[in-house]
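Enquirer: Structure incoming, see below.
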Amino acid sequence: MDDHEMYGRMPVWRLFLKCAIPGMVSGLVWAFCSIVDGIFVGNYLGSDALAAVNIAWPIMTVFMAVSDMVAAGSSVRISMHLGDGDIDSARRVFTGSVKLIVAISVGFLLIGVLLGDPMVRALGADGFVAETAAQYIAVFSLFAPVGLLFFATDNYLRICGAVNLSMYINVGVAVLNIVLLAVMIGWLGCGTWASAFATSLSIAVGSLVALVPFLRRRYVLVFTRGWMDLATTRRVLYNGTSTFFNSVSGSLYGIIANAVLLAVAGNDGVAAYGIIMYVNSIVFSLFVGMDAAMQPAISYNHGAGDGPRVRSLFAVMSVVSAAMGVAVAALCILADGPLTHLFLGDNSPAVGSMAADGLTIFALTYLLSWVAVNINQALAATDLPAHALSIGVMSQLFLPAAFLLPMSALGVDGVWWSMVAASVASAVFSAVMLALGARRGIFRTHEPLDGAQVH
């Protein structure tokens, strides 16, 4: 059978292991790369540089969110078309989406270079932190037209069944990133801009390498002539709205949290939050990497009308996620000091202590935060982007902000506990959305894509 046909034929647990393990490895190496970046910035450049990166990153996340919206939306449509056997439509969506991402990224290049400084100052940054954050954004933006393709091409490789190749490219890009960080910051003593340069150049190289198999027509997805029609483009963007607003909502919350922490604890509070988010990135990479790797399988089977297989895949994801949640929560609580010490060493002991105390509390979110992630992905992959969108906005922005603002009156610990409360509320809300999705028939057998009612 063709590589992509494994999504409909391979036994569920075997399929999960084949897809999820490379996906989690890819997520882990990128999270590890992010942590190494934080270690270099924190230990060589100091806590103010770490604060600058933490202020710049939510803005960069908004840029990436638009690219991810096209990548995620097109991945759902492509997988569903392949599940239905409509290869021509899958290829048209693939080709049009790559062109659309490149066109959008050119706009980001101009915005980041010209408006980076006004944006970070509007967020309350000033002095060295503002200048450094603006440089970070400008460097990242210069690589956008090529770099932002990476997330899409990675999705498309997995859709074609090339899950191991996707993992190898991710590992290679992460290794290149770490080497560049070591040379530019550790050896040459370059500033914070070098962090953005190392990451952006590595991703750009990965994008070019990932495009080669498609240009050589090795997989079911090949480039065709022309663009997507307007109706298909709208559908792709609609399918990707949940991914976009998930990222934007998370970025907006990051901006709000930074502003609250600046008021409560100054730059030290922002730096401590940044350290916790670095640790969070490696933990969440396990959940997100697994879910992203399983999206093609869920969408493929939904397109083929095999709801019971979708239910089985979701059940396996949930069991594994629950076990991982307990394990990583225990690890973060037991190793809070060593984990946070990695980023500052013996520099800024006040920041290190604040981050360690915060991580002990924040670790409790892992017991339930995976619920929203899994359900969001399942609903988006089964062509219910509005349901997934509601989960993303509520779990990433509204619920965290609703708890953050009043609980910050309790000080820094109140900020950390607000995140735990938000994770509980998000899990409840997500369970309600899953029940609504089940009523819409995502777990029932139905006609293939062309014969199915469009949700």
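Enquirer: Taking the stated definitions as given, is A378 crowded, with 21+ Cβ neighbours inside 10 Å, under 30 Å from P448 (Cα atoms) and small (G, A, S)?
Expert: Considered against the rule, which asks whether it is crowded, with 21+ Cβ neighbours inside 10 Å, under 30 Å from P448 (Cα atoms) and small (G, A, S), A378 comes out as yes.
Enquirer: Sticking with this one: For residues that are over 8 Å from I391 (Cβ atoms) and of a type in the set (S, T, Y), tally how many sit in segment 423-437.
Expert: Qualifying residue count for the region: 1.
Enquirer: Would you mention how many residues in segment 94-115 are among the polar types (S, T, N, Q), touching a helix residue (DSSP H, G or I) at 6+ places or on another chain (Cβ under 9 Å) and over 30 Å from E131 (Cβ atoms)?
Expert: Total satisfying the criteria: 1.
Enquirer: Just to be sure, is A182 buried (at least 18 other Cβ atoms within 10 Å of the Cβ) and either over 22 Å from the mean Cα position of the chain (by Cα) or hydrophobic (A, V, I, L, M, F, W, C) (or both)?
Expert: Criteria not met by A182.
Enquirer: Out of (1) assigned to a helix (DSSP H, G or I); (2) over 14 Å from A196 (Cα atoms), the odd one out for A125 is which?
Expert: (1) is the only condition that A125 fails.
Enquirer: Hey, does segment 126-134 have a residue that's under 23 Å from V98 (Cβ atoms) and either surrounded by fewer than 20 Cβ atoms within 10 Å (Cβ to Cβ) or among the polar types (S, T, N, Q) (or both)?
Expert: no
Enquirer: When you go through (1) touching a residue at least 24 places away in the same chain (Cβ under 8 Å); (2) surrounded by fewer than 19 Cβ atoms within 10 Å (Cβ to Cβ) one by one for C332, which number turns out not to apply?
Expert: Only one criterion is unmet by C332, namely (2).
Enquirer: Now a separate question. Is it the case that some residue within segment 170-183 is within 27 Å of S89 (Cα to Cα), among the aliphatic types (A, V, I, L, M) and assigned to a helix (DSSP H, G or I)?
Expert: no
Enquirer: Would you tally the residues in segment 1-55 being β-branched (V, I, T), within 19 Å of T192 (Cα to Cα) and surrounded by 22 or more Cβ atoms within 10 Å (Cβ to Cβ)?
Expert: Selection size over segment 1-55: 3.
Enquirer: If you don't mind, there's one more thing I want to ask. If the requirement is being farther than 30 Å from D84 by Cα and either at pLDDT 90 or above or touching a Phe, Trp or Tyr at 6+ places or on another chain (Cβ under 6 Å) (or both), which of these qualifies: I276, I333?
Expert: When all the criteria are applied, what remains is I276.
Enquirer: For segment 248-267, state whether one or more residues are crowded, with 24+ Cβ neighbours inside 10 Å, among the polar types (S, T, N, Q) and touching a residue at least 40 places away in the same chain (Cβ under 8 Å).
Expert: no
Enquirer: Right, next: Give me a count of the residues in segment 56-79 that are in contact with a Phe, Trp or Tyr (Cβ under 6 Å, 6 or more places away or on another chain) and surrounded by fewer than 24 Cβ atoms within 10 Å (Cβ to Cβ).
Expert: The total comes to 3.
Enquirer: Only one of R91, R77 is under 28 Å from T232 (Cβ atoms), out of contact with any helix residue (DSSP H, G or I) (no Cβ under 6 Å at 6 or more places or on another chain), part of a helix (DSSP H, G or I) and charged (D, E, K, R). Can you tell me which?
Expert: Residue meeting the stated conditions: R91.
Enquirer: Follow-up. Can you tell me how many residues within segment 185-238 are free of Cβ contacts under 8 Å to residues at least 12 places away in the same chain and part of a helix (DSSP H, G or I)?
Expert: 6
Enquirer: Among L359, L399, L364, L384, which is the only one that is crowded, with 19+ Cβ neighbours inside 10 Å and under 21 Å from F443 (Cα atoms)?
Expert: L384
Enquirer: May I pose another question? Just to check your reading of the model, which residue among D126, D86 is closer than 29 Å to R158 by Cβ and of a type in the set (D, E)?
Expert: D86
Enquirer: Would you list the helices (runs of 4 or more DSSP H) that sit entirely within segment 349-402 and hold 3 or more residues that are out of contact with any strand residue (DSSP E or B) (no Cβ under 6 Å at 6 or more places or on another chain) and farther than 26 Å from V260 by Cα?
Expert: 369-381, 385-393
Enquirer: Can you name the condition, by its number, that V424 falls short on among (1) surrounded by fewer than 22 Cβ atoms within 10 Å (Cβ to Cβ); (2) in contact with a helix residue (DSSP H, G or I) (Cβ under 8 Å, 6 or more places away or on another chain)?
Expert: (2)
The values are calculated or read from the model by the stated rules, or taken from the named source; none is laboratory data. Predicted, not measured: the structure shown is a model, and the values here were computed from it. Don't worry about glycine lacking a Cβ; one is built from the backbone with ideal geometry, like all the others, and counts go over all protein chains shown.
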